[in-house]
1. What order do you get for 209-219, 173-183 when each peptide is scored by the mean count of other beta carbon atoms within 10 Å, highest first?
2. Can you give the relative contact order of the chain as a percent, counting alpha carbon pairs under 8 Å and 6+ residues apart?
3. Please work out the C-alpha center-to-center distance from the range 236-255 to the range 181-221 and express it in whole Å.
4. Kindly rank 107-116, 159-168 from highest to lowest mean number of other beta carbons found within 10 Å of each residue.
5. Read phi for every residue in the range 83-99 and hand back ³J(HN,Hα) as whole Hz from Karplus 6.51 cos²θ - 1.76 cosθ + 1.60, θ = phi - 60°, with x for Gly and Pro.
6. Could you work out how much longer the chain between Y110 and A138 gets when fully extended? Use 0.36 nm per residue separation minus the Cα distance between them, nm to one decimal.
7. Is the shape of the range 16-264 rounded, prolate or oblate, going by the alpha carbon gyration tensor and its root eigenvalues a ≥ b ≥ c, with a/c under 1.5 for rounded and a/b larger than b/c for prolate?
8. Output the peptides 142-152, 371-381 sorted from most to least packed, where packing is the average of other Cβ atoms within 10 Å over each peptide's residues.
Amino acid sequence: MSKIYLDHAATTYLDPRVFEVMKSHMLEDDFGNPSSFHSAGKHAKEAVDEARAKVARILNCRSIEIIFTSGGTESNNLAILGLYSAHKDRGNHLISNTIEHHSVLHPLEYLEKKQGARVTLLDVDKYGQVQVDKILSALTPETLLVSVMYANNEIGTINHLHEIAKTIHDFRQGLGRKQSEPPFFHTDACQAAGALDLDVKKLGIDLMTINSAKIYGPKGVGALYVKGGIKLQPLIFGGGQESGLRGGTENIPGVVGFSTALELAQAEKNDENMRLCALRDYAVRELLKIPKSRLNGHPIERLPNNINISFLDIEGEAMILYLDADGIYTSTGSACTSGSLDPSHVILGIGLPYEAAHGSLRLSLGRKTTRDDIDRVLQALPGIVEKLRSISPVRVEMKHYR
């Protein structure tokens, strides 16, 4: 029986085209240190510079505004902690929302508990979108940063970044401040890369996080876009690498692979989006025929590959184990919290009760996902749900989940 992988929001396989580009920087013929002055080192530096320029072209920014990191978590931490440390004399107020990834929420919690920051976590609407009027109401002259993810990793809902950015920029202008002064706007775009437009000028973004592992690139590498003129305090000291913001020898195979993966993903996104949307909509339509089920997230403004459905009266973890036994790999939400039995903070954040959060299933489609794969899920899941409900002590009426 073939295996079906439907957890691409957690991570993706390495694209063979990306691996081919990485190989020469992993073997004995091209392994120099970019900080070395000899020819091998200069050649390595050229590879890093080319990768940085490639990412910058996609984001429509300057190469110097791209900082390579170990992934989305480090980029989010650098954006939040680094910005606060560098600008806390200008204000200590930070704004985000209740359903962000924990790599945003936990740094904010640290700053609030340990550094005296004032954090405002906004509620989202029933679809998981952050409302512009709530951001406007929360902004104060002491606001240093607003952080809103581009698309949610669990429910796939897309936020209106351009409208949020305009609100922040207008507020900043009303204070008579320059673009290099707070409040700044950061977005976690880890799930958006390969699916949405990443032009930071069109979006109005000051800082943007991207992760290689979500776009068929190597794991352990990512980037943070930092608009020119915005200062950050480094999290890692020890060298002058990455414009002095991240000490340590660069991961050359990683950044070369990441830049190639990002280039391929953005170039192919239109055709792939159409294919995935058709599969997604077919799967959602059929899955919602299962009694006592509901779609989580926005029905239209969502990622092409994201399906998140709550099945009432069952445990999501048990559902995943049964699917796994059938060779179908799925999740209940974020891979970063999969070891926890706590209900999803995202599902709770959109106003659903614990029972819906515990019974949520996330299917995230990918490049190799086919109609036959979806049909396998549709064949297996109704029986699994029925079996689990037959042994469940929970019986909740559907009216509570509308």
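Please treat every number below as a calculation from the coordinates, not as lab data. Computed from a predicted model, the values in this text were never measured in an experiment. Glycine also receives a Cβ, built like all others from the backbone with ideal geometry; neighbour counts cover every protein chain displayed.
1. Values: 209-219: 26.8, 173-183: 13.7.
Final packing ranking: 209-219, 173-183.
2. Working: 776 pairs, mean separation 88.3, N = 402.
After rounding, I find 22 percent.
3. 19
4. Values: 107-116: 15.3, 159-168: 19.0.
Put in order of decreasing packing, that is 159-168, 107-116.
5. Ordered by residue, 3J(HN,Hα) equals 5, 4, 5, 7, 10, 5, 6, 9, x, 10, 9, 10, 10, 8, 9, 6, 10 Hz.
6. Working: separation 28, 0.36 × 28 = 10.08 nm, distance 2.03 nm.
Full extension from Y110 to A138 adds 8.1 nm.
7. Numbers: a/c = 2.09, a/b = 1.65, b/c = 1.27.
Taking the square roots of the gyration eigenvalues as a ≥ b ≥ c, the range 16-264 is prolate.
8. Details: 142-152: 24.8, 371-381: 16.6.
The most tightly packed comes first, giving 142-152, 371-381.
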